[in-house]
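Down below is the structure, laid out as structure tokens.
The values are calculated or read from the model by the stated rules, or taken from the named source; none is laboratory data. The structure displayed is predicted, hence computed values, not measured ones. Every residue, glycine as well, gets a Cβ built from its backbone with ideal geometry; the counts of neighbours run over all protein chains shown. Calculation scope for accessible area: heavy atoms of the full protein, side chains included, ligands and nucleic acids excluded. Shrake-Rupley method; radii C 1.70, N 1.55, O 1.52, S 1.80 Å.
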Amino acid sequence: MCQETERQYYYMDRARQHVQALTQQLGRIPTCCVTTFGCQMNARDSEKLAGILRRVGYEVTETEDADFVIFNTCTVRDNANQRVYGRLGELKSRKKHNPAMKIALCGCMMQEPAVIEKLRSSYRFVDLVFGTHNIFKFAELLCRSFEEQGMIVDIWEDTDQIVEDLPVERKYPFKSGINIMFGCNNFCSYCIVPYVRGRERSREPMEILREIRQLVAEGVVEVMLLGQNVNSYGKNLENPISFAQLLREVEQIEGLERIRFMTSHPKDLSEELIQVMKESKKICRHLHLPLQSGSTRILERMNRRYTKEQYLALAEKIRREIPDIAITTDIIVGFPGETMEDVEETIDVIRRVKYDNAFTFIYSKRTGTPAAAMENQVPQDQVKEGFDRVLKVVQDTAREQVARYQGQRAQVLVEEVNTQDERLLTGRMSNNTLVHFPGPPELVGRIVTVLLEECQGFYYMGHMVSEKSLAKSL
Ligand code: 5AD
Ligand code: SF4
């Protein structure tokens, strides 16, 4: 165990004593709630926060009516920030009714100096604030918040540390995210991530494989390898290794059934990766390949380092090599200087690639990024018009794409009992499409074979044909 991990376990023991005292004071076990904003990386970080909270003696709940509430924040678009401020207002009134309540904030938004200033001046009721680089110190900071008065703020500018082996409280027993790298070096001109998540750092392959083997031993059948740009994984390690090579190793792990990953930057997607995916029995038939814009002129201003033609050629090659793959994407509308002709170029790419799903975002100006200083910010009404046009095409192609498997059999990992109708189970196909079908709750966590009877827009209704995963199915 590394020295830092040991230190944090020491603080967990110490925090446990504080929580025991609180338990006596309250006459019940104190509750905690971790609320996640933003991406899968944040979701994974939240599992680590919850793991520590449980270990020190809190009961983990889903409601913010708890004794310890932590918001793990996102700042990729301004509306994420606004939501945090709104929800903080609600917490303030809860704290009035529960003076023992503690409120903590962490994550990407905290790496912005303007946010910290605002918290210090207008949100004095917050107890603890930390950022993305020192999240591994949560146990230590939690102790400090029991031992010191006033708001504790600890924000680091950057770090090269990767601290392994801290407790994790997984949301699902049968699937899990795994960080394979942290940070981003791409500096797309609109994006704040490189500033708040720091430089790219890859974990050692041995550590990743060890963690996955452990998860499989605990019953996990599907892993999602997480990084801002997984295609550049391993380049800066002492013994460099490619992402495709890492996947080959992960594939060997016995008992592991499915491998997913995200996100892929098109500029770094290698031929080797396509081949590994093609040959693999475990890598899911899904690739998230953010386009951002279909206009070469805008892509250049975004610093994406590919052209429309290069992207199209890549998508075509992937579709040719792996015909049953689903390709999904991210699109930004309203980047500075974007005209309706540029939006048409984006729509042209959507029609040609035929995305299985796409997340469409309105450009959000992020202070400190190069795009924020660009002239020609696009007027609101033009952005709205472009956004609606893009969304319509995205929905049309996605509906067509999803429907192409009607009548076939698919392997479905059952994820939960349907939230609307408890006679149904809900699961995902390898290509990430949702499927609902009648079945007993005991099947949650299992891979079963389902006949895809009826496509209803973006998901299927089906019937289970076997409680096993059959080789002759999607
Ligand atoms: N405005 C709008 N969308 C953005 N994204 C990143 N930065 C911004 C921004 N400033 C989108 C990109 C990225 C996704 C995670 O968020 O499409 O792929
Ligand atoms: Fe942001 Fe670009 Fe890095 Fe993705 S690759 S996190 S969009 S800078």
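Brief remarks follow.
- Where residue 367 falls short, out of the listed (1) open to solvent by less than 70 Å² (accessible area, probe 1.4 Å); (2) more than 30 Å from residue 216 (Cα to Cα); (3) hydroxyl-bearing (Ser, Thr, Tyr): (1)
- Residue match in the stretch 452-460 (condition: open to solvent by 30 Å² or more (accessible area, probe 1.4 Å), part of a loop (DSSP other than H, G, I, E, B) and either closer than 19 Å to residue 219 by Cα or free of Cβ contacts under 8 Å to residues at least 40 places away in the same chain (or both)): no
- Filter result for residue 386 (at positive phi and either open to solvent by less than 10 Å² (accessible area, probe 1.4 Å) or of a type outside the set (A, V, I, L, M) (or both)): no
- Test for residue 236: is it away from ligand 1 (no atom under 16 Å from the Cβ), polar (S, T, N, Q) and within 30 Å of residue 301 (Cβ to Cβ): yes
- Against the criterion of being more than 16 Å from ligand 1 (Cβ to nearest atom), in contact with a His (Cβ under 8 Å, 6 or more places away or on another chain), among the charged types (D, E, K, R) and not in a loop (DSSP other than H, G, I, E, B), residue 260 qualifies.
- Residue that is least open to solvent (accessible area, probe 1.4 Å) [pool: residues in the stretch 164-192 that are away from ligand 2 (no atom under 16 Å from the Cβ) and aromatic (Phe, Trp, Tyr)]: 174
- Only one of 123, 195 that is open to solvent by 30 Å² or more (accessible area, probe 1.4 Å), among the aromatic types (Phe, Trp, Tyr) and within 19 Å of the chain's Cα centre (by Cα): 195
- Considering only residues in the stretch 368-394 that are within 15 Å of ligand 2 (Cβ to nearest atom) and in a loop (DSSP other than H, G, I, E, B), the one that is nearest to residue 289 (Cα to Cα) turns out to be 369.
- Enumeration of residues in the stretch 330-364 that are within 13 Å of ligand 1 (Cβ to nearest atom) and either without any contact (Cβ under 8 Å) to a residue 24 or more places away in the chain or open to solvent by 70 Å² or more (accessible area, probe 1.4 Å) (or both): 359, 362
- Qualifying residue in the stretch 67-81 (condition: farther than 27 Å from residue 30 by Cα, open to solvent by 30 Å² or more (accessible area, probe 1.4 Å), in contact (Cβ under 8 Å) with a residue 24 or more places away in the chain and among the acidic types (Asp, Glu)): yes
- Taken as a whole, the condition of being in contact with a helix residue (DSSP H, G or I) (Cβ under 9 Å, 6 or more places away or on another chain), at pLDDT below 95 and acidic (Asp, Glu) does not apply to residue 160.
- The one condition in (1) at pLDDT below 95; (2) surrounded by fewer than 18 Cβ atoms within 10 Å (Cβ to Cβ); (3) over 30 Å from residue 416 (Cβ atoms) that residue 152 fails to fulfil: (1)
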